[in-house]
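Student: Quick one: structure below, then a few questions.
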């Protein structure tokens, strides 16, 4: 993990998790852009992959994936 990513405060991550929980895509994108402008893309990738995404429940993870892929995928099959 990039050293700066390990030092990002949880208070910088909580609003992003809250936006995901509330299913507020536009707010998530704004918070993501703010985070990237403050810390950089590499730190965002590290924080997202190793701190934020693992904290998501299955439904939130699916919702986020659906939002990202909504332009290219017409449906996502629910495989139990």
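Student: Out of (1) at pLDDT below 95; (2) more than 15 Å from residue 6 (Cα to Cα); (3) out of contact with any helix residue (DSSP H, G or I) (no Cβ under 9 Å at 6 or more places or on another chain), the odd one out for residue 41 is which?
Tutor: (2)
Student: Which condition does residue 19 not pass, out of (1) modelled with pLDDT under 95; (2) surrounded by 15 or more Cβ atoms within 10 Å (Cβ to Cβ); (3) in contact with a helix residue (DSSP H, G or I) (Cβ under 7 Å, 6 or more places away or on another chain), if it passes all the others?
Tutor: (1)
Student: Please specify each residue of region 44-70 satisfying the condition of being free of Cβ contacts under 8 Å to residues at least 12 places away in the same chain and closer than 23 Å to residue 7 by Cβ.
Tutor: Filtering region 44-70 down to residues free of Cβ contacts under 8 Å to residues at least 12 places away in the same chain leaves 45, 48-49, 53-54, 57-59, 61, 65-66, 68-70.
Matches in region 44-70: 45, 48, 49, 53, 54.
Student: Does residue 80 meet the test of being loosely packed, with under 13 Cβ neighbours inside 10 Å and either modelled with pLDDT of 90 or more or touching a strand residue (DSSP E or B) at 6+ places or on another chain (Cβ under 7 Å) (or both)? It would help to see each step written out before you state the result.
Tutor: Details: loosely packed, with under 13 Cβ neighbours inside 10 Å: yes; either modelled with pLDDT of 90 or more or touching a strand residue (DSSP E or B) at 6+ places or on another chain (Cβ under 7 Å) (or both): no.
So residue 80 fails the test.
Student: Which members of region 7-21 meet the condition of being touching a residue at least 12 places away in the same chain (Cβ under 8 Å) and part of a helix (DSSP H, G or I)? Step through it out loud before you land on a result.
Tutor: Quick first cut of region 7-21, residues touching a residue at least 12 places away in the same chain (Cβ under 8 Å) only: 8, 12-13, 15-17, 19-21.
Result: 12, 13, 15, 16, 17, 19, 20, 21.
Student: Also, quick follow-up: Of all residues in region 33-43, which are closer than 16 Å to residue 11 by Cβ and within 12 Å of the chain's Cα centre (by Cα)? Even if it seems obvious, please write down each step before you answer.
Tutor: From region 33-43, those closer than 16 Å to residue 11 by Cβ are 34-35, 38-39, 43; that's our starting set.
Passing the criteria: only 35.
Student: Could you please give the count of residues in region 23-53 that are loosely packed, with under 12 Cβ neighbours inside 10 Å and closer than 15 Å to residue 65 by Cα?
Tutor: Qualifying residue count for the region: 1.
The values are calculated or read from the model by the stated rules, or taken from the named source; none is laboratory data. Nothing here was measured: the structure is a model prediction, and the numbers come from that model. Counting neighbours? That spans all protein chains shown, and the Cβs are built from the backbone with ideal geometry, glycine included.
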